[in-house]
1. Filter the stretch 122-166 down to the residues that are within 18 Å of TRP32 (Cβ to Cβ) and open to solvent by less than 40 Å² (accessible area, probe 1.4 Å) and list them by number.
2. State whether one or more residues within the stretch 72-82 are assigned to a loop (DSSP other than H, G, I, E, B) and either aliphatic (A, V, I, L, M) or at pLDDT 95 or above (or both).
3. Would you confirm whether or not the stretch 125-134 contains a residue that is polar (S, T, N, Q) and at pLDDT below 95?
4. Determine whether LEU76 is within 30 Å of TYR174 (Cβ to Cβ) and open to solvent by less than 50 Å² (accessible area, probe 1.4 Å).
Amino acid sequence: MSEGDSIGDSVHGKPSVVYRFFSRLGQIYQSWLDKSTPYTAVRWIVTLGLSFIYMIRVYLLQGWYIVTYALGIYHLNLFIAFLSPKVDPSLMEDSDDGPSLPTRQNEEFRPFIRRLPEFKFWHSATKGILVAMACTFFEAFNVPVFWPILVMYFIMLFCITMKRQIKHMIKYRYIPFTHGKRKYKGKEDVGKTFAS
């Protein structure tokens, strides 16, 4: 491999200006993502705000219904991955290779681990809204379609998918939402000291 063959290298072995620019841009973006991690409510409020702006834009422009439908399907897919466990219990039925979800009260508590963590769910949903918003600036994505059919089909798809997911939750006895860690009570302290 000769000098300058690797990605981002210039002829003299130093990273090119373009590579350094995009590398630095990626670092700044990742830094902002890292800083936003603890602010769950604020992140979701911003995403809902972007979603509201997108819906207003589509309503005012009276078009881009296919893009909106695709965004809805994408968000539904993300939501199902968010509700699903990382390891599917139906696959664990046949083998005893790994940990499983507790099925009885006296079994050890194991927290629910999602296939798609909350932060990645938020990040992907926000990126999806921004991509859909960008698509509304290009007339090529404005395919004429009778939108009530798309709405009815999406509602039908949502109901069927959620019904299947809820049946899966009931069959394998898992709940995708936890309200924090379990609190165990120790012996009560009566406040008496022992004299020797």
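The values are calculated or read from the model by the stated rules, or taken from the named source; none is laboratory data. Quick caveat, the model's predicted, so the values are computed rather than measured. Glycine gets a Cβ as well: all are built from the backbone with ideal geometry, and neighbour counts include every protein chain shown. With ligands, DNA and RNA removed, areas are computed over all heavy atoms of the protein, side chains included. Shrake-Rupley method; radii C 1.70, N 1.55, O 1.52, S 1.80 Å.
1. First pass over the stretch 122-166, keeping only residues within 18 Å of TRP32 (Cβ to Cβ): 122-127, 129-130.
The answer is TRP122, HIS123, SER124, ALA125, THR126, ILE129.
2. Here is the first cut: in the stretch 72-82, the ones assigned to a loop (DSSP other than H, G, I, E, B) are none.
The answer is no, given that none of the residues of the stretch 72-82 is assigned to a loop (DSSP other than H, G, I, E, B) and either aliphatic (A, V, I, L, M) or at pLDDT 95 or above (or both).
3. The first filter runs over the stretch 125-134 and keeps only residues polar (S, T, N, Q), leaving 126.
Applying the additional criterion that residues be at pLDDT below 95 yields none.
For the stretch 125-134, residues polar (S, T, N, Q) and at pLDDT below 95: absent.
4. On the way: within 30 Å of TYR174 (Cβ to Cβ): yes; open to solvent by less than 50 Å² (accessible area, probe 1.4 Å): yes.
Yes: the conditions hold for LEU76.
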